[in-house]
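Heads up: the structure comes next, in structure tokens.
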Amino acid sequence: MTEELNRSNFSHTKFIFVGFPEIFQYRRLLFLPFFLSYIITLFGNVLMIFVIKNTKSLHNPMYTLVSILAVIDIIVPTAIIPAMLLSFLFDLNEISLFGCLTQMFLIHFFSSVESTILLVMALDRTVAICNPLRYTAIMNSSMFLKLLLFTLIRSGSIMSTLVGLAAPLSFCGSNVIHHCYCDHMALVSLACNSIAKNNAVGVAVIICFVGFDISVILFSYVKILYVVLRAAAGEHRSKAFHTCGTHLIVMMCFYFVGSVTFLSRNLSIPIPIGVNTFLGVTYIVFPACINPIIYGVRTKEIRTVLLKKFKMHVNRVTVKVSTVNR
């Protein structure tokens, strides 16, 4: 009886990450691919921010959104990957409850902000292509302030509720989190008390950010394709399909993979721990790596600026080498 009473009053304040138990003995081999992906993510997104910030012709709503997306694609992987790398090399797998809740909020908050940014980018392109004469009147500074306020209120309130419901839970059993970072349900599933509210809010998050956002994004791209295909010839039609298709594939990776890993514990989907962990990391890291290409290098304006800067750099190097040789 005394043992049960002590157990009911006990709650873990430190947790241990075990993300890939099936290949635990080979975990150091995971360092290189995740390290390279992190370096690529940092380089690509910092380059995007630098180019947009230092090019006046790119100071417009669309590229402002792209630069915000690049900032988020630096913040979220940084909240996860460095700690993962330390755990792979030095077995530093421990995290406090406060640190876990903080990491959970940062990851889910900025991921939800990214969802809203993708939504706004789709709407921005829809207005620019379908109603170009009114674009500057609609997508003005006032509209952006309203969208920013909407983003902060929606993401902040929902994610604060998510974390707020997890904070008072009692963790009297295992303190092993079967993930590489503090995912909401990975932590909540360890609780001794009822997690019905946590499950409900988790499903509400998916409905709000996936159900609503992806529906509007798909509608926007369908409308864009409809307008472009009516006005464009063969080559332009192919380009429109390719561009929209590429954007949608990356978005589907972000939304679909994120939904699977987020709901797998809510709905008791039998996914192996290693696979679920990999999906949970992929939905964050893959878009962050690929977005600078999709919204940067493959965009004519940014590609032109990059080529100009590269040529200028090559010319400077050539001039210096020639001067030295003389």
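Got a sec? How would Y226, Y135, Y221 order by Cβ neighbour count within 10 Å, fewest to most?
The fewest-first ordering by Cβ neighbours comes to Y226, Y135, Y221.
Describe numerically, in nm with one decimal, the distance between label points set 7 Å from Cα along Cα→Cβ at S215 and at C130.
Each label point is offset 7 Å from its Cα along the Cβ direction, giving 1.6 nm.
Given points 7 Å out from each Cα along the Cα-Cβ axis, report the Y226 to F31 separation in nanometres with one decimal.
If labels sit at Y226 and F31, their model points lie 5.5 nm apart.
In percent, how large is the relative contact order of the chain, given Cα pairs closer than 8 Å and 6 or more residues apart?
After rounding, I find 27 percent.
Calculated FRET efficiency, N54 and I293, Cβ-Cβ r, R0 25 Å, to nearest 0.05? Don't jump to the answer; show the numbers that get you there.
Values: r = 20 Å, r/R0 = 0.79.
Working from the Cβ atoms, E equals 0.80.
Stretch D91-T161 to full length: gain in nm at 0.36 nm per residue minus the Cα-Cα span?
Between D91 and T161, full extension yields 22.0 nm more.
Among all helices in the chain defined by DSSP H, which have a length of 15 Å or more along the axis from Cα atoms plus a Kyte-Doolittle mean of at least -0.5?
31-53, 61-90, 97-130, 141-166, 196-206, 213-231, 234-252, 273-292, 300-325
Work out how much length F256 to K197 would gain on full extension: take 0.36 nm times their residue separation and subtract the Cα-Cα distance, in nm to one decimal.
18.9 nm
Let me have the 222 nm mean residue ellipticity of the chain computed from DSSP H runs of 4+ only, each contributing -39500 (n - 2.57), with the sum over all residues rounded to the nearest 500.
Calculated mean residue ellipticity at 222 nm is -24000 deg cm²/dmol.
Counting other beta carbons within 10 Å of each Cβ, put I75, I217 in order, fewest first.
With the sparsest Cβ surroundings first, the list reads I75, I217.
What does the extension gain come out to for N175 and V275, with contour length at 0.36 nm per residue minus their alpha carbon separation?
34.0 nm
Using amide H atoms built in the peptide plane, which far-off residues or other-chain residues are under 5 Å from V176 H to H?
I16
How would M84, M252 line up from fewest to most surrounding beta-carbon atoms within 10 angstrom?
Listed from fewest to most nearby Cβ atoms, that is M252, M84.
Hey, for a label at E301 modelled as a point 7 Å past Cα toward Cβ, could you say which residues of the stretch 20-59 have their backbone N under 15 Å away?
48-59, by backbone N distance to the label point.
We did not get these values from a lab; they are worked out from the coordinates using the rules stated. Every value quoted in this text rests on a predicted model; they were computed, and no experiment measured them. Note: ideal-geometry Cβ built from the backbone for every residue, glycine included; neighbour counts use all protein chains shown.
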